[in-house]
Amino acid sequence: MTSPGGRTPEDTAVDTDESVTEHGAHTEARTEHGALDEPTRAMSGDTVGAPGSTVVGPPLETDSSPHGGPHGGPHDGPDDGPAHAAATTDPDRTAWIPTVPGDGPPPGPGAHEASSGGGRRRPVLLGAAVVGLLAVLYVGDLLLSSTDVPRGVAVAGVEIGGMGKPEAEEALRSQLSGRTSEPVALQAGTASATVDPRAAGLELDVEGTIARAGEQPFNPWTRLTSLFGTRDVAPVTRVNAFALGQALDGVRPQLDRPVAEGTVRYEGLEPVAVPSVPGSVVDGATAGQAVVDHWLDPTPVALPVAETPVTVTPEGIQRAIDGFARPAVAGPLTVVGDAKNATVTTRAITSFVRFTPDGRGGLTPGIDEPAAIAAIEPQLRTTEAEPRDATLAFNGATAEVVPAVVGREIDWPRTFSGVVEALGRPDGEAPPVFTPPPTAPGAEPVAPPPATGRAINAVYTTTPPKVTTESLAALGPAEMIGEFTTRGFKPDSGQNIKRVAEIVNGQVIAPNSVFSLNEASSPRNEANGFVPAGIIDDGAPGRGVGGGVSQFATTLYNAGYFAGLRNVEHKEHSYYITRYPAGREATVFEGSIDLRLGNDGPTPIYIRTQWTPSSITVQLYGIKRFEVTSEPGPRTNQTPPGVRDLGGNPECKASQGSEGFTITDTRVLRNLQTGEVRREPRTVRYEPQPTVTCNGR
């Protein structure tokens, strides 16, 4: 059946379905929000048409044809076919959409297509055209740059975006080659340092860096934004973690800033607060990664630091000023000594008052002992006495004991135990000078009464001598039991021989004890009076501090040899030296080669040395127990010297060599009490000393 508008029911059904589908959003809006209020209905044209109908779009226009109703509504009947068809196919007219089947007039043919297909399809087609154009541009850009480094990429300030990968690798190598070998600047707060990248185990991985830059991105937005900016890519670094850690540890002293705890200092006699300053330390857990990430940056590598808090507060500093610093300089300090007092001025007090953190936000007062001693000791020096060892006074073949002197010295730590308390007291009258009463020999002197006010007592202690009167008296009727002299040394060697003789002179070898030359004379350095002199270094003449001491060792060894002392340890020279008896000489080297002689007798042995510019003599005094003789054997296994050329060595000194040989020396000891004879053979091998030449001469 055909409708009055010339449309079949099937056509109407199809158009209606399409209208509902296309305009479903409007229908859903009305369903969700309910019926519009009256003003809205009027604006929407709901007053036009049959009740229960929904109008989408502008209201229908009034039809002026003779077939239209008073409001332009459609009419049934054959007369309104053409006119109605014309009206309903007008694209500016609005179709009817029945909300209830059969309710209201059916839409005219083409009404839906006119309203939705015309106004709505034009923007869609335009958008599709734009999208298509962009797609073409996108695909073209992707194809043209498929093998390149992504646009906008920069590595350590070197822009490589858009380059081919071989070109990018060459750019990185050429532009970063200088930075890979230059010192890497490090910054930790305000502190700075540098490390050698090679020593720190840092190496640029160019291929890995290009790989990190990534492939071409497929995201259109990313490709678009790369046209207007850069993307920094961190360089890939091959790193030796151990070497990097060692390098950073080496510069930690330059980068770490210790805490500066607050304190008090004096400006004149006025105490002034010094505020605390926090410290900072490099965060070792993350510093290495920061270097790896940024060592090629043109700016210093900023290392992470952790702040070290302070403990002393401003309030604590002020308490120290009010409670001690200001009272400490209220007047002078008196130190009561033996028969003499020392007066410490307020100016001198400011030179040794110190403060340390107490751990509770405040400061603990104290003193700098060396500075305090420097201010006081010169005034009390005459109240002290250095210890003096007992000695022997020689008169021809006999010797008398010169008694030792017990030292009396100020015990400064005990003296200063009450100084802080005394400085905190108000100024007052100084105590009188204390004169200790006489005491019996060897007895402790009487101490002064406790000091009061701003005064402290000097505390004395006795210092025993190293060689006591009793130890030398035990020698009994001392006589010389061993003596030996060597000659022939240069002035510089002679200075060292003289110095070691001064040190050893007067020393006593106690019964059943061992004397060590190294222990007695070390350290043999310039601070202890020794000088550079000639030595034999690997068969060639050389120089070293303490050269010549071996001649003293040989002299002492022979004196002990004839005194019957036990040979605990000694070593001969590698090459024979003609001024010494073959097989009966000794060398020493501090820290490794020593001369040690043992006293197995019941009485002590006293060492006496005598030096002249051309000789050194060692004499041993004690109770003679043995008669000693030496029996040298023949030289055997004689070997001629070779030649050793030192070329152009600037320190080369030509010297004549000597032959090598083997010899046995036998010491024969006869016990004076028992008559027993003991033989002690010792075999020595001397190597041939090469003839040294310089460039063959």
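Of everything listed in (1) over 53 Å from the mean Cα position of the chain (by Cα); (2) under 30 Å from residue 502 (Cβ atoms), the single unmet condition for residue 588 is (1). Could you pull out the residue among 550, 574, 614 that is within 54 Å of the chain's Cα centre (by Cα), in the same structural domain as residue 519 (by TED's automatic domain parsing) and closer than 17 Å to residue 486 by Cβ? Being within 54 Å of the chain's Cα centre (by Cα), in the same structural domain as residue 519 (by TED's automatic domain parsing) and closer than 17 Å to residue 486 by Cβ holds for just one of 550, 574, 614, which is 550. Total residues in segment 115-161 satisfying the condition of being more than 25 Å from residue 203 (Cα to Cα), modelled with pLDDT of 60 or more and surrounded by 13 or more Cβ atoms within 10 Å (Cβ to Cβ): the figure is 1. Kindly establish whether residue 470 is surrounded by fewer than 21 Cβ atoms within 10 Å (Cβ to Cβ) and part of a strand (DSSP E or B). For residue 470, the condition - surrounded by fewer than 21 Cβ atoms within 10 Å (Cβ to Cβ) and part of a strand (DSSP E or B) - is not met. Closer than 21 Å to residue 532 by Cβ and in contact with a strand residue (DSSP E or B) (Cβ under 8 Å, 6 or more places away or on another chain): is that true of residue 483 in this structure? Judged against the criteria, residue 483 is not a match.
Scanning segment 345-363 for residues that are within 22 Å of residue 454 (Cβ to Cβ) and exposed (fewer than 15 other Cβ atoms within 10 Å of the Cβ) yields 345, 347. Screening 554, 486 for residues that are over 23 Å from residue 466 (Cβ atoms), assigned to a strand (DSSP E or B) and among the β-branched types (Val, Ile, Thr) leaves exactly one candidate, 486. Inspect all residues belonging to segment 593-610 and state whether any of them is acidic (Asp, Glu), over 25 Å from residue 470 (Cβ atoms) and either crowded, with 17+ Cβ neighbours inside 10 Å or out of contact with any Asp or Glu (no Cβ under 8 Å at 6 or more places or on another chain) (or both). There is at least one residue in segment 593-610 that is acidic (Asp, Glu), over 25 Å from residue 470 (Cβ atoms) and either crowded, with 17+ Cβ neighbours inside 10 Å or out of contact with any Asp or Glu (no Cβ under 8 Å at 6 or more places or on another chain) (or both). Residue pairs whose Cβ atoms lie under 6 Å apart, sitting 6 or more positions apart in sequence or on different chains, and linking a residue in segment 456-471 that is charged (D, E, K, R) to a partner that is at pLDDT 90 or above and surrounded by fewer than 16 Cβ atoms within 10 Å (Cβ to Cβ), do not occur here. Of the residues that make up segment 371-378, is at least one closer than 30 Å to residue 311 by Cα and assigned to a helix (DSSP H, G or I)? Yes; the residues of segment 371-378 include at least one that is closer than 30 Å to residue 311 by Cα and assigned to a helix (DSSP H, G or I). For segment 261-281, the criterion of a residue being without any contact (Cβ under 8 Å) to a residue 12 or more places away in the chain and under 24 Å from the mean Cα position of the chain (by Cα) is satisfied by no position. Residues that are touching a helix residue (DSSP H, G or I) at 6+ places or on another chain (Cβ under 7 Å), assigned to a loop (DSSP other than H, G, I, E, B) and either basic (Lys, Arg) or buried (at least 17 other Cβ atoms within 10 Å of the Cβ) (or both) within segment 186-203 comprise 200, 201, listed in sequence order. When you scan segment 524-541, do you find a residue that is among the polar types (S, T, N, Q) and under 50 Å from the mean Cα position of the chain (by Cα), even just one? Checked segment 524-541: at least one residue is among the polar types (S, T, N, Q) and under 50 Å from the mean Cα position of the chain (by Cα). Among strands (runs of 3 or more DSSP E) entirely within segment 624-686, having at least 2 residues that are farther than 22 Å from residue 581 by Cβ singles out 643-645.
Among the residues of segment 370-401, the ones that are of a type in the set (A, V, I, L, M, F, W, C), out of contact with any Phe, Trp or Tyr (no Cβ under 7 Å at 6 or more places or on another chain) and exposed (fewer than 15 other Cβ atoms within 10 Å of the Cβ) come to 5 in all.
Within segment 379-425, if we keep just the residues that are in a loop (DSSP other than H, G, I, E, B) and among the aliphatic types (A, V, I, L, M), the residue that is farthest from residue 349 (Cα to Cα) turns out to be 397. When each of 677, 668, 643 is tested for being of a type in the set (A, V, I, L, M, F, W, C), more than 60 Å from the chain's Cα centre (by Cα) and surrounded by fewer than 13 Cβ atoms within 10 Å (Cβ to Cβ), the lone residue that passes is 677. Applying the criterion of at least 2 residues that are of a type in the set (S, T, N, Q) to the strands (runs of 3 or more DSSP E) found wholly in segment 512-551 leaves 513-516. Before we move on, is residue 404 at pLDDT 85 or above, over 19 Å from residue 384 (Cβ atoms) and surrounded by 15 or more Cβ atoms within 10 Å (Cβ to Cβ)? When the stated conditions are applied, residue 404 does not pass them. Tell me, which residue of segment 167-210 that is hydroxyl-bearing (Ser, Thr, Tyr) and more than 25 Å from residue 245 (Cβ to Cβ) is nearest to the chain's Cα centre (by Cα)? Per the criteria, the residue is 177. For residue 650, the test of being within 54 Å of the chain's Cα centre (by Cα) and either hydroxyl-bearing (Ser, Thr, Tyr) or assigned by TED's automatic domain parsing to the domain that holds residue 512 (or both) is passed. Residues in segment 498-508 that are at pLDDT 95 or above and buried (at least 17 other Cβ atoms within 10 Å of the Cβ): 498, 499, 500, 501, 503, 504. Scanning segment 530-564 for residues that are at pLDDT below 90 and either out of contact with any strand residue (DSSP E or B) (no Cβ under 8 Å at 6 or more places or on another chain) or under 21 Å from residue 667 (Cα atoms) (or both) yields one hit, 538. Please work out which one of (1) touching a residue at least 24 places away in the same chain (Cβ under 8 Å); (2) under 21 Å from residue 379 (Cβ atoms); (3) exposed (fewer than 15 other Cβ atoms within 10 Å of the Cβ) is the condition residue 342 fails and give its number. Condition (3) is where residue 342 drops out. The residues of segment 500-510 that are touching a Ser or Thr at 6+ places or on another chain (Cβ under 6 Å) and assigned to a loop (DSSP other than H, G, I, E, B), listed by number, are 505, 506.
Rundown of residues vs (1) closer than 30 Å to residue 414 by Cα; (2) surrounded by fewer than 18 Cβ atoms within 10 Å (Cβ to Cβ); (3) in contact with a helix residue (DSSP H, G or I) (Cβ under 8 Å, 6 or more places away or on another chain), yes/no style:
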{"position": "284", "(1), (2), (3)": "no, yes, yes"}
{"position": "295", "(1), (2), (3)": "no, no, no"}
{"position": "306", "(1), (2), (3)": "no, yes, no"}
{"position": "312", "(1), (2), (3)": "yes, no, no"}
{"position": "318", "(1), (2), (3)": "yes, yes, no"}
{"position": "323", "(1), (2), (3)": "yes, yes, no"}
{"position": "337", "(1), (2), (3)": "yes, no, yes"}
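Only residues that are modelled with pLDDT of 95 or more and surrounded by 14 or more Cβ atoms within 10 Å (Cβ to Cβ) were counted in segment 483-492, giving 4.
When the residues of segment 559-592 are filtered to those that are in a loop (DSSP other than H, G, I, E, B) and among the acidic types (Asp, Glu), the one that is nearest to residue 687 (Cα to Cα) is 572.
The values are calculated or read from the model by the stated rules, or taken from the named source; none is laboratory data. Nothing here was measured: the structure is a model prediction, and the numbers come from that model. We place every Cβ from the backbone using ideal geometry, glycine too, and count neighbours over all the protein chains shown.
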